[in-house]
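Q: Quick one: this structure, given as structure tokens, is what I'll be asking you about.
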Amino acid sequence: MWCRRLACLFKVPCRLSGSTRHRSPWLPRGRRTILPPAARWHHTAPESLKCAWQLHGDHLELRYANTLMRFDFVWLRDHCRSASCYNAKTNQRSLDTASVDLGIKPKAVRVDETTLFLTWPDGHVTRYGLEWLVKNSYEGQKQQVMHPRILWNAEIYRQAQVPSVDCQSFLKTDEGLKEFLQNFLLYGIAFVENVTPTKEDTEILAERISLIRETIYGRMWYFTSDFSRGDTAYTKLALDRHTDTTYFQEPCGIQVFHCLKHEGTGGRTLLVDGFYAAEQVLRQAPDQFELLSKVPLKHEYVENVGDCHNHMIGVGPVLNVYPWNNELYLIRYNNYDRAVINTVPYDVVHRWYAAHRTLTTELRRPENELWVKLKPGKALFIDNWRVLHGREAFTGYRQLCGCYLTRDDVLNTARLLGLQA
């Protein structure tokens with residue numbers, strides 16, 4: 001399915017695994033084979049069809065672990081993990097990629113039950129584990145996801161009974177931190193309880209998992225309805241679901257909210273899993289999903305309030321996907337900050353409006369809305385690339401503090417704890 005979708009996206013012929021094969025005599029295991037004049041299949045052993053390979057004019061075709069892979073010869077030379085080509089201590093390439101002959105071909109090929117051996121014209125030998133090739137091939141990657149997730153609507157999230165993590169466990173134990181990060185990676189939101197309701201303690205909490213990203217709003221910020229900034233958020237009005245900083249070239253990855261005080265009514269926080277809504281669009285109207293992932297839009301923030309003078313512009317589609325497996329990784333959705341649409345012709349923009357309406361309908365379904373009352377002591381972390389947030393109108397005095405976190409550092413912390421991120 002994904003092969004066909006990607007072929008459509010990139011307008012190239014789709015090469016399926018059922019391509020024409022040429023039968024060839026069995027070769028004894030481990031036998032070195034000189035590059036044949038015509039492409040033909042070879043197997044690792046007569047009694048096993050687990051691995052087979054075939055040489056073509058510019059690439060090697062390898063079938064292993066039910067995966068048919070194609071490797072360009074330059075790619076195979078460039079990724080060599082020998083001591084002279086790759087520094088295993090620093091995990092960095094030593095080989096100068098620009099020095100590799102673009103017309104290079106292996107002089108000899110050998111495959112045993114676990115390893116591919118390539119001998120190059122200068123005598124250099126490259127070895128690849130077959131499992132490594134499956135994991136790192138294009139064909140292997142497009143069958144995997146970069147970030148495992150659990151998509152949710154309000155009922156799914158409630159039934160999951162995702163626990164909050166106690167502040168002391170979060171701050172002082174790897175187990176508590178890992179539980180928090182696993183929840184965050186899977187659902188895009190996570191809570192920490194029993195936090196002292198001060199900006200300073202919230203800052204300590206945030207720094208446990210990441211560097212704090214300083215923006216035009218500062219490093220740590222207080223958030224009240226004093227209209228001190230040129231943004232609707234600094235009022236008592238309701239806010240529709242949105243992602244933040246869509247007007248940055250790279251929107252902030254994680255947002256932290258901690259309600260320090262609220263003397264009044266209303267003000268519940270709205271959370272919507274944007275990836276869940278996008279998945280419904282993909283199922284119901286794949287052409288519209290594709291349009292939302294390809295049409296670039298501008299988002300803009302213009303501010304002239306007091307000493308704050310800013311003009312920010314960010315450009316990108318509403319849905320951002322990895323091109324090799326069509327996995328969604330970022331949503332830019334903010335109707336407040338979307339600028340004039342002047343990057344596409346009229347006939348495309350009309351279809352975009354229809355697609356935007358389909359996505360908005362999904363985002364606004366009541367069953368997709370998770371409402372949370374933030375109270376002093378309960379900090380909320382939101383994946384701003386995935387989960388949209390908003391709020392209902394409120395009365396009285398309401399003060400929040402928070403910050404943005406650098407996404408790379410959060411994911412780095414998760415990986416160091418053994419999580420896939």
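Q: Determine whether the stretch 170-192 contains at least one residue that is buried (at least 17 other Cβ atoms within 10 Å of the Cβ), β-branched (Val, Ile, Thr) and under 21 Å from Arg415 (Cα atoms).
A: Yes, the stretch 170-192 has at least one match.
Q: So which of Lys105, Lys142 is of a type in the set (Lys, Arg), open to solvent by less than 50 Å² (accessible area, probe 1.4 Å), touching a residue at least 60 places away in the same chain (Cβ under 8 Å) and in contact with a Phe, Trp or Tyr (Cβ under 6 Å, 6 or more places away or on another chain)?
A: Of Lys105, Lys142, the one residue that is of a type in the set (Lys, Arg), open to solvent by less than 50 Å² (accessible area, probe 1.4 Å), touching a residue at least 60 places away in the same chain (Cβ under 8 Å) and in contact with a Phe, Trp or Tyr (Cβ under 6 Å, 6 or more places away or on another chain) is Lys142.
Q: Quick one: count up the residues across the stretch 390-417 that are closer than 12 Å to Leu271 by Cβ and open to solvent by less than 10 Å² (accessible area, probe 1.4 Å).
A: 1
Q: Quick one: in the stretch 104-131, of everything that is part of a strand (DSSP E or B) and among the aromatic types (Phe, Trp, Tyr), which residue is farthest from Asn326 (Cα to Cα)?
A: My answer is Phe117.
Q: Then there is this: Among the residues of the stretch 182-206, how many are within 22 Å of the chain's Cα centre (by Cα), in a helix (DSSP H, G or I) and not aliphatic (A, V, I, L, M)?
A: The qualifying residues number 4.
Q: Let me ask you something else. What number of residues within the stretch 258-290 are under 19 Å from the mean Cα position of the chain (by Cα) and either in a strand (DSSP E or B) or touching a residue at least 24 places away in the same chain (Cβ under 8 Å) (or both)?
A: Residues meeting the conditions: 12.
Q: While we're on this one: In this structure, is Phe223 crowded, with 19+ Cβ neighbours inside 10 Å and modelled with pLDDT under 95?
A: So Phe223 passes the test.
Q: Still on this structure, I have one more. Do we have any residue at all in the stretch 407-416 that's farther than 25 Å from Arg158 by Cβ, out of contact with any strand residue (DSSP E or B) (no Cβ under 9 Å at 6 or more places or on another chain), among the aliphatic types (A, V, I, L, M) and not in a loop (DSSP other than H, G, I, E, B)?
A: Scanning the stretch 407-416, I find at least one residue that is farther than 25 Å from Arg158 by Cβ, out of contact with any strand residue (DSSP E or B) (no Cβ under 9 Å at 6 or more places or on another chain), among the aliphatic types (A, V, I, L, M) and not in a loop (DSSP other than H, G, I, E, B), so the answer is yes.
Q: For the stretch 306-320, what are the residues that are more than 22 Å from Asn342 (Cα to Cα) and either among the hydrophobic types (A, V, I, L, M, F, W, C) or in contact with a Pro (Cβ under 7 Å, 6 or more places away or on another chain) (or both)?
A: Of everything in the stretch 306-320, just one residue is more than 22 Å from Asn342 (Cα to Cα) and either among the hydrophobic types (A, V, I, L, M, F, W, C) or in contact with a Pro (Cβ under 7 Å, 6 or more places away or on another chain) (or both), namely Cys308.
Q: So, one more: Any idea how many residues of the stretch 166-203 are β-branched (Val, Ile, Thr) and without any contact (Cβ under 8 Å) to a residue 12 or more places away in the chain?
A: Residues meeting the conditions: 1.
Q: If you don't mind, another one. Looking at this structure, is Asn320 in contact with a strand residue (DSSP E or B) (Cβ under 8 Å, 6 or more places away or on another chain) and either among the hydrophobic types (A, V, I, L, M, F, W, C) or more than 24 Å from Val192 (Cα to Cα) (or both)?
A: Answer is yes for this residue.
Q: For Val134, only one of the following conditions fails: (1) farther than 30 Å from Asn326 by Cβ; (2) not in a strand (DSSP E or B). What is its number?
A: (1)
Q: Of (1) at pLDDT below 95; (2) open to solvent by less than 40 Å² (accessible area, probe 1.4 Å), Ala206 satisfies all except one. Which?
A: Unmet condition: (1).
Q: If you take the residues of the stretch 312-321 that are in contact with a helix residue (DSSP H, G or I) (Cβ under 6 Å, 6 or more places away or on another chain) and of a type in the set (Val, Ile, Thr), which of them is nearest to Arg357 (Cα to Cα)?
A: The selected residue is Val318.
Rundown of residues vs (1) touching a helix residue (DSSP H, G or I) at 6+ places or on another chain (Cβ under 9 Å); (2) open to solvent by 70 Å² or more (accessible area, probe 1.4 Å), yes/no style:
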position: Pro286; (1), (2): yes, no
position: Leu297; (1), (2): yes, no
position: Asn304; (1), (2): no, yes
position: Cys308; (1), (2): no, no
position: Pro323; (1), (2): yes, no
position: Arg351; (1), (2): yes, yes
position: Ala355; (1), (2): yes, no
position: Thr358; (1), (2): yes, no
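The values are calculated or read from the model by the stated rules, or taken from the named source; none is laboratory data. From a predicted model like this one, the values you see are computed outputs, not experimental measurements. Positions of Cβ are backbone-derived with ideal geometry, glycine not excepted, and every protein chain shown enters the neighbour counts. To get the accessible areas, we keep the full protein, side chains included, count just its heavy atoms, and leave off ligands, DNA and RNA. Shrake-Rupley method; radii C 1.70, N 1.55, O 1.52, S 1.80 Å.
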